[in-house]
Amino acid sequence: MADDAAHRYRRDGFAFPFDAVSRVRAREAATRIERLTEEPPAGLQHPWRIKMHLLCDWIFDLATDDAVLDRVESVIGPDILLQAVDLFCKPPGGRQHINWHQDANYWNLEPFEICTAWIALTDARPENGCMRFMAGTHARDKLRHRETLSERSALTRGQEIALDMDESRAVPVILDAGEMSLHHCLLAHASGINRTGSPRIALAVRFLPAHVRQTAGPGLSAIPVRGNDTGRHFIRDTPPDGSFTARAIAAHARAMTPHAASGYATA
């Protein structure tokens with residue numbers, strides 16, 4: 001199965017669905033996130049939804065579960081760094097969407113071997129704004145993007161590919177809570193608005209093989225989570241010692257502060 005996933009990932013730029021965590025564990029995490037959304041934690045200098053794995057041990061544990069890392073290893077190799085865990089939460093009846101874009105367009109990381117594991121904490125369906133993938137676009141290198149700065153975009157600057165995309169070719173990424181997809185950093189992907197009465201909650205987990213380097217911008221940070229950090233190209237993050245502890249908040253601030261001026265586009 002791992003070989004089949006790797007083949008699909010190389011051919012299409014994505015593969016899914018895979019078991020990541022149990023449905024019960026996913027639902028518990030979603031409930032905790034809903035509570036955080038209703039009562040945001042105090043004392044933070046930067047958005048808690050970005051690099052959330054530095055703030056919450058239970059998020060770090062979800063992102064680095066063996067089931068997740070086994071799948072990631074099958075497509076990027078054994079030496080794995082965790083660079084970010086970003087929360088994407090679409091409220092019920094919301095208006096925000098995500099434009100067609102390539103992650104690599106604004107990450108300043110090369111070679112283009114970064115993999116995102118998108119872990120569904122609630123069911124992801126077309127009606128609640130699941131992702132859509134455009135197969136094969138990872139083979140086209142970087143595409144030109146424009147910044148719309150639209151308030152209806154969930155991306156930092158409303159980035160979108162400056163080309164018309166054939167929506168009839170889009171593959172809906174339908175996942176149950178606890179399942180995940182993998183996608184390549186050059187894959188064109190998007191998602192719609194949540195038209196349902198329940199939130200759609202997911203974690204986008206960015207993994208790098210240890211030989212990837214940063215090419216521009218303030219220094220990025222990462223945590224080795226499997227194998228060896230053979231490259232040592234990134235500032236070393238500290239795993240959290242609990243949930244929103246003073247130490248975790250300080251580590252989050254160290255990692256995030258250099259990227260605040262860019263709207264966390266490289267955070």
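Here are a few things to note about the model shown:
- Using the Cβ-Cβ distance between residue 245 and residue 22 with R0 = 35 Å, the FRET efficiency computed as 1/(1 + (r/R0)^6) comes to roughly 0.85.
- Modelled label positions at residue 174 and residue 139, each set 7 Å beyond Cα in the direction of Cβ, lie 2.6 nm from each other.
- Euclidean distance between Cα centres, region 54-118 to region 1-48, Å: 8
- For region 1-61: rounded, prolate or oblate by the Cα gyration tensor [a/c cutoff 1.5]: prolate
- Over the chain, DSSP H runs of length four or greater, each weighted -39,500 (n - 2.57), average out per residue to a 222 nm ellipticity of -6500 deg cm²/dmol.
- A Förster distance of 30 Å, applied to the separation of the beta-carbon atoms of residue 166 and residue 39, puts the FRET efficiency at 0.10.
- Ranked by solvent-accessible area (1.4 Å probe, protein heavy atoms only, all chains present), the residues 184, 259 order from largest to smallest as 184, 259.
- Overall, the accessible surface of the chain at a probe of 1.4 angstrom is composed of carbon and sulfur to the extent of 49 percent.
- Per-residue SASA entry for residue 168, accessible area with 1.4 Å probe, Å² rounded to 10: 100
- Calculated accessible area for the chain comes out at 43 Å² per residue, all protein chains present (probe 1.4 Å; ligands, DNA, RNA ignored).
- Placing +1 on the Cβ of every Lys and Arg and -1 on the Cβ of every Asp and Glu, with nothing else charged, gives the chain a dipole about its Cα centre of roughly 600 debye.
- Choice from 195, 35, 232 with maximal GNM fluctuation in the chain (Cα, 10 Å cutoff): 35
The values are calculated or read from the model by the stated rules, or taken from the named source; none is laboratory data. Here the structure is a predicted model, which is why all the values come from computation and not from measurement. We place every Cβ from the backbone using ideal geometry, glycine too, and count neighbours over all the protein chains shown. Please note that ligands, DNA and RNA were not included when accessible areas were found on the heavy atoms of the full protein model with its side chains. Shrake-Rupley method; radii C 1.70, N 1.55, O 1.52, S 1.80 Å.
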